Amino acid sequence: MKLEFLNGDCLKTLPTLSAESFDLVVTSPPYNLGINYSSFKDTAPREEFLAWCKQWATEVKRVMADDASFFLNIGAAPSNPLLPHQLILALTEEPDPLFILQNTFHWIKSISIETTAGQQISAGHFKPINSKRYVNDCHEYVFHLTKTGNVPLDRRSAGVPYQDKSNIARWGHTGGKDLRCRGNTWFIPYETIQSRKGERPHPATFPVALAAQCIKIQGKAEATRMLDPFLGIGSSALAAKSIGIASFTGIEIDPDYLAVAKRRLDPPKEPGSLT
Ligand SMILES: C[S@@+](CC[C@H](N)C(=O)[O-])C[C@H]1O[C@@H](n2cnc3c(N)ncnc32)[C@H](O)[C@@H]1O
């Protein structure tokens with residue numbers, strides 16, 4: 001895989017990349033929720049933040065091929081629930097929308113279900129909050145944005161087996177395969193770690209498996225040229241490497257986070273601590 005890591009402000013770096021040169025963008029920008037990043041102040045007034053997002057998203061659109069997919073991950077805070085909705089409205093606003101919202105995925109970090117046999121199962125990790133008015137926040141959004149709203153996906157590449165196997169023969173579209181589209185609720189827990197400082201030294205990462213699912217579903221398989229303009233410590237790059245796509249470009253403003261990303265992609269030969 002061709003790998004390119006660029007240190008800098010994506011607003012300055014994106015304009016140096018060729019137009020229509022990427023098939024897939026998977027990213028998670030700063031959330032404007034006062035997160036304590038090393039080199040980025042995450043406390044801008046909301047209007048300013050949305051205007052900044054429109055600026056970099058315009059550049060993202062320029063470097064996307066016409067049939068490319070843009071997966072935009074953003075979460076909220078219980079006390080700041082409108083942020084994801086404000087952002088998606090800003091990016092799809094009429095009369096001149098930057099993007100069409102083609103799909104909305106819910107990244108479920110933790111879930112409790114009761115099986116038909118009455119067994120209670122809880123799985124995943126989340127940050128519990130102590131509040132009388134808010135419940136624990138166990139999900140984030142992944143918005144799937146495209147230029148046309150009509151980009152074909154490989155839905156079953158991230159599919160799941162049928163619960164009722166008689167569906168395989170009953171429905172023609174299965175082609176005899178025991179695999180159905182997973183839908184838009186994605187249960188993807190954080191990887192379990194022993195030490196945040198040693199293993200995940202960044203305040204707001206997404207799991208490698210989240211980016212991997214976006215790569216699979218967007219449908220260009222190994223030919224994919226992928227971009228993450230807010231690379232952090234490189235979770236999207238690790239997903240790209242694990243699937244073995246054609247190329248990956250990551251941009252990160254903070255040299256320390258970028259150094260961690262490089263180490264995660266090319267770990268020292270000794271059994272290392274960074275996952
Ligand atoms: C939500 S985090 C991304 C984390 C990443 N998905 C991961 O799993 O490691 C956002 C990142 O954007 C970086 N950042 C903030 N402003 C930036 C800018 N103007 N250009 C490039 N990177 C920026 C921050 O330093 C932070 O690492």
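The values are calculated or read from the model by the stated rules, or taken from the named source; none is laboratory data. Owing to the predicted nature of the structure, the values given are computational and were not obtained by experimental measurement. So basically every Cβ, Gly included, is an ideal-geometry build from the backbone, and we count neighbours across all protein chains shown. In case anyone asks, the SASA skips ligands and DNA or RNA and just uses the protein heavy atoms, side chains included. Shrake-Rupley method; radii C 1.70, N 1.55, O 1.52, S 1.80 Å.
Listing for the model above:
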| read-out | value |
| --- | --- |
| Ranked packing of 237-244, 218-225, most packed first, by mean Cβ within 10 Å | 237-244, 218-225 |
| Environment charge of residue 137, counting only residues whose C-beta is closer than 11 Å and scoring Lys/Arg +1, Asp/Glu -1 | +1 |
| For the chain, share of DSSP beta bridges that run antiparallel, in % to the nearest 5 | 50 percent |
| Highest average packing first - 150-162, 18-30, 170-182, Cβ atoms within 10 Å | 18-30, 150-162, 170-182 |
| Separation in nanometres of the label points that stand 7 Å from Cα toward Cβ, at residue 82 and residue 55 | 2.3 nm |
| Surface per residue (accessible, 1.4 Å probe) for the range 106-164, Å² | 68 Å² |
| Å² per residue, accessible surface of the range 1-57 at 1.4 Å | 51 Å² |
| Relative contact order (%) - the chain, alpha-carbon pairs under 8 angstrom, separation at least six | 25 percent |
| Lys, Arg +1 and Asp, Glu -1 on Cβ, resulting dipole of the chain about Cα centre, debye, nearest 20 | 700 debye |
| Rounded FRET efficiency, nearest 0.05, which uses the C-beta distance separating residue 131 from residue 221 and R0 of 30 Å | 0.10 |
| Among 70, 248, 105: highest mean-square fluctuation, GNM of the chain, C-alpha pairs under 10 Å | 105 |
| Chain lengthening between residue 185 and residue 115 when straightened (0.36 nm per residue, less Cα-Cα) | 23.4 nm |
